[in-house]
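Scroll down for the structure; my scribbles are underneath it.
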Amino acid sequence: MLHDAEPTTKPTTLKLTEDDVRRIVREEVELAFKRDPAARRASIIASKGTLDWAYPPLILATTAAAAGMDTSIFFTFYGLNIIHKDSARKLKVDPVGNPAMPMPVPIPDIVSAMPGMVPLASRMMRSRFATHNVATIAELLDAARDIGVRLIACQMTMEVFGYSEADFIGGVEFGGAAAFMSQARRSHVTMFI
Amino acid sequence: MLHDAEPTTKPTTLKLTEDDVRRIVREEVELAFKRDPAARRASIIASKGTLDWAYPPLILATTAAAAGMDTSIFFTFYGLNIIHKDSARKLKVDPVGNPAMPMPVPIPDIVSAMPGMVPLASRMMRSRFATHNVATIAELLDAARDIGVRLIACQMTMEVFGYSEADFIGGVEFGGAAAFMSQARRSHVTMFI
Amino acid sequence: MLHDAEPTTKPTTLKLTEDDVRRIVREEVELAFKRDPAARRASIIASKGTLDWAYPPLILATTAAAAGMDTSIFFTFYGLNIIHKDSARKLKVDPVGNPAMPMPVPIPDIVSAMPGMVPLASRMMRSRFATHNVATIAELLDAARDIGVRLIACQMTMEVFGYSEADFIGGVEFGGAAAFMSQARRSHVTMFI
């Protein structure tokens, strides 16, 4: 009977055994994990408002988006500085309290706390990055928007810090922690920066 | 015989083809990813011990728990301050070394380093949050415990900093990094704050 | 025909119904989620370059690797200090700007900003950890390499800070943010420290 039926039947209509089904399932599941939707999403929080810490969320988000991932940055607390219209003036880097910041000459905190050291350190950091062809924060923000990174300002901290929607650059969305979490729980890459 | 049997048979007893099986598998796998257990878990590390950085882990954890996620906060290093019985006195905010902290008037570090500036900045931050109806740290801790967020103190850093279990608020569990990691590896949302 | 064939057939060649297939699929999918490859990977960014913040990435990475996870640390920005050959001298802890750092006696910032306080605070932190049998940074780096944690230095920030490959300890790899992201998107545990 098998001998008769098989040659004239299309392979897909053969009677499947449980073993066949388990093999098919394993193939499909392996494929599904390769296409795992969470692997295509990155949800990043930018909470710091100094020049040096403005780079990592923008570099990581544009890297993720360039790899085809749906990417969001949620700007909260001091991180709101990064998308503020006046960010060029607001983003400063302070050598005080950060002994890891490479300085040409070690400077004790009592000296680096002098008026004038914050602008000096900020200028040094900007020029160091420019010399090495790293994009500026403004260029990274442009790149992020061009490549489809969603920029979301945290409404609660906007209120606390007295900002209004008009204070931020174009293309910024406004939302809360709950909206961020509903995307983050579907993302493999979740980072608080 | 098939000809006779089919009309009177329930559809589920029809002979399935490999195509049928693949369709069923894809439906089931898509459903499974929507129910992905990792999307229902958030594992957060709270490592900072200042007033401003006490808010993000508690706000994010209560947000996740309110969305039905199994949520844990692992308090380690300076983050142990947040669940210390004496947290109201321990959690301070220091304007020195944080040029991003919005101050009514820009103050150079040499001035903000004067005795008295830490209490002043801490009072300012507390009143700013209170004015905007943001819960206090004590209220957020209560909310977190009410909604089932697990609060876990890192035993290793407790020993290093000389704390005992009696130093912490009620409802805190005690555990190590390995226990945290065994939950974090099953969570989409993992953050180090 | 069925009547003849079935009794003499192995159970796995019985005709499967759609219900059978769905049951098999659910079993396989549940198993697959337990073996979820993302649960076996941890991708950690180490961005801070002070003594205190050198501990968390190394402790978490060795914990993850000890649990059998494929673990990488991407050292970027000030985090490059941690894998620098001269890390013992570079990793310092600064009490200024961190009111959470436990000091035997509270010291206002104007005093802790005095020359000499950074070495004192760093010595205190080292001895506190040593007293409590916490491994040193050098020991944790050795443990990480022994257990197979990949240590990756960020090429972009190496250039910005003027480091060359020879500046780093043995066993360090060199790569970019894109390479890090391609692993992180396949990892449940992703943290920016």
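The values are calculated or read from the model by the stated rules, or taken from the named source; none is laboratory data. Owing to the predicted nature of the structure, the values given are computational and were not obtained by experimental measurement. Counting neighbours? That spans all protein chains shown, and the Cβs are built from the backbone with ideal geometry, glycine included. Each accessible area value is taken on the protein alone, full model and side chains, heavy atoms only, with ligands, DNA and RNA left out. Shrake-Rupley method; radii C 1.70, N 1.55, O 1.52, S 1.80 Å.
For residue C:146, the accessible surface of its heavy atoms amounts to roughly 140 Å² (probe 1.4 Å, protein chains only, rounded to the nearest 10). A simple spin-label model places the labels of residue A:31 and residue B:66 4.1 nm from each other, with each point 7 Å out along Cα-to-Cβ. The amide H of residue A:150, built 1.01 Å from its N in the peptide plane, has A:71, A:72, A:73 as neighbours under 5 Å, considering only residues 5 or more places off or on other chains.
Across every direction, the projection of the convex hull enclosing the Cα atoms of region C:145-185 has a mean area of 3.2 nm². Computed from the Kirkwood radius of its Cα pairs, the Stokes-Einstein diffusion coefficient for region A:120-193 at 4 °C and 1.567 mPa s stands at 87 µm²/s.
Can you give me the solvent accessible area of residue A:85 with a 1.4 Å probe, rounded to the nearest 10 Å²? Roughly 140 Å² of residue A:85 is accessible to a 1.4 Å probe. Each residue of region C:78-83 was assigned a 3J(HN,Hα) from its phi angle through the Karplus expression (A = 6.51, B = -1.76, C = 1.60, θ = phi - 60°), giving 5, x, 4, 3, 5, 9 Hz with x at Gly and Pro. Computed from the C-beta positions of residue C:89 and residue A:127, the FRET efficiency with R₀ = 22 Å rounds to 0.25.
Averaged over the residues of C:55-63, the number of partner chain Cβ atoms lying within 10 Å of the residue Cβ comes to 4.
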